[in-house]
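Visitor: Pasting a structure below so you can have a look.
The values are calculated or read from the model by the stated rules, or taken from the named source; none is laboratory data. In this text the structure is predicted, and so the values were computed from the model without any measurement. Quick reminder, even Gly has a Cβ in these numbers, built from the backbone with ideal geometry, and neighbours come from all protein chains shown.
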Amino acid sequence: MKTENAFSLIASASEDQDDINALSAAFGLKAFRYIDIAREARVNTLLARWPLLREMLDVAEREDECR
(Lines give C-alpha, C1' and ligand atoms only; values in the text may rest on other atoms or scores of the structure.)
Protein backbone atom coordinates (compact mmCIF):
# COMPACT_ATOMS: atom_id res chain seq x y z
CA MET A 1 0.00 0.00 0.00
CA LYS A 2 1.43 3.36 -1.01
CA THR A 3 1.39 6.22 1.52
CA GLU A 4 3.59 8.72 -0.28
CA ASN A 5 0.86 11.39 -0.13
CA ALA A 6 -0.02 10.72 3.49
CA PHE A 7 1.29 14.08 4.65
CA SER A 8 0.06 16.20 1.75
CA LEU A 9 -2.12 18.38 4.02
CA ILE A 10 0.88 19.27 6.14
CA ALA A 11 3.06 19.96 3.13
CA SER A 12 0.48 22.18 1.46
CA ALA A 13 -0.09 24.11 4.69
CA SER A 14 3.63 24.82 4.99
CA GLU A 15 3.80 25.81 1.31
CA ASP A 16 0.91 28.26 1.85
CA GLN A 17 2.75 29.75 4.82
CA ASP A 18 5.88 30.14 2.67
CA ASP A 19 3.79 32.04 0.11
CA ILE A 20 2.45 34.35 2.81
CA ASN A 21 5.96 34.96 4.14
CA ALA A 22 7.22 35.73 0.61
CA LEU A 23 4.41 38.23 0.00
CA SER A 24 4.96 39.81 3.39
CA ALA A 25 8.68 40.24 2.67
CA ALA A 26 8.12 41.49 -0.89
CA PHE A 27 5.65 44.18 0.11
CA GLY A 28 7.11 45.02 3.51
CA LEU A 29 4.04 44.02 5.47
CA LYS A 30 4.93 44.44 9.13
CA ALA A 31 1.71 43.62 11.00
CA PHE A 32 0.00 41.25 8.62
CA ARG A 33 -2.57 38.94 10.18
CA TYR A 34 -3.30 35.94 8.01
CA ILE A 35 -6.16 33.58 8.80
CA ASP A 36 -5.92 30.23 7.07
CA ILE A 37 -9.60 29.48 6.46
CA ALA A 38 -8.85 26.14 4.82
CA ARG A 39 -6.86 25.07 7.90
CA GLU A 40 -9.72 26.07 10.16
CA ALA A 41 -12.08 23.96 8.06
CA ARG A 42 -9.72 20.96 8.25
CA VAL A 43 -9.43 21.32 12.03
CA ASN A 44 -13.21 21.52 12.41
CA THR A 45 -13.60 18.42 10.22
CA LEU A 46 -11.08 16.51 12.35
CA LEU A 47 -12.77 17.58 15.58
CA ALA A 48 -16.15 16.47 14.23
CA ARG A 49 -14.68 13.13 13.17
CA TRP A 50 -12.97 12.44 16.52
CA PRO A 51 -15.15 13.65 19.44
CA LEU A 52 -12.54 12.66 22.04
CA LEU A 53 -10.09 15.07 20.42
CA ARG A 54 -12.71 17.84 20.79
CA GLU A 55 -13.18 16.94 24.47
CA MET A 56 -9.44 17.07 25.09
CA LEU A 57 -9.23 20.48 23.39
CA ASP A 58 -12.11 21.77 25.53
CA VAL A 59 -10.40 20.55 28.72
CA ALA A 60 -7.12 22.20 27.71
CA GLU A 61 -8.91 25.48 26.97
CA ARG A 62 -10.66 25.40 30.36
CA GLU A 63 -7.35 24.76 32.11
CA ASP A 64 -5.81 27.74 30.29
CA GLU A 65 -8.70 29.95 31.41
CA CYS A 66 -8.13 28.96 35.04
CA ARG A 67 -4.48 30.02 34.94
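Visitor: What are the pairs, 6+ residues apart or on separate chains, where a residue within region 25-44 that is part of a helix (DSSP H, G or I) has its Cβ under 7 Å from a residue that is among the small types (Gly, Ala, Ser)?
Guide: These pairs meet every condition: ARG39/ALA13.
Visitor: Provide a single number: the residues in region 5-38 that are in contact with a helix residue (DSSP H, G or I) (Cβ under 6 Å, 6 or more places away or on another chain) and either at pLDDT 85 or above or on the phi > 0 side of the Ramachandran plot (or both).
Guide: 0
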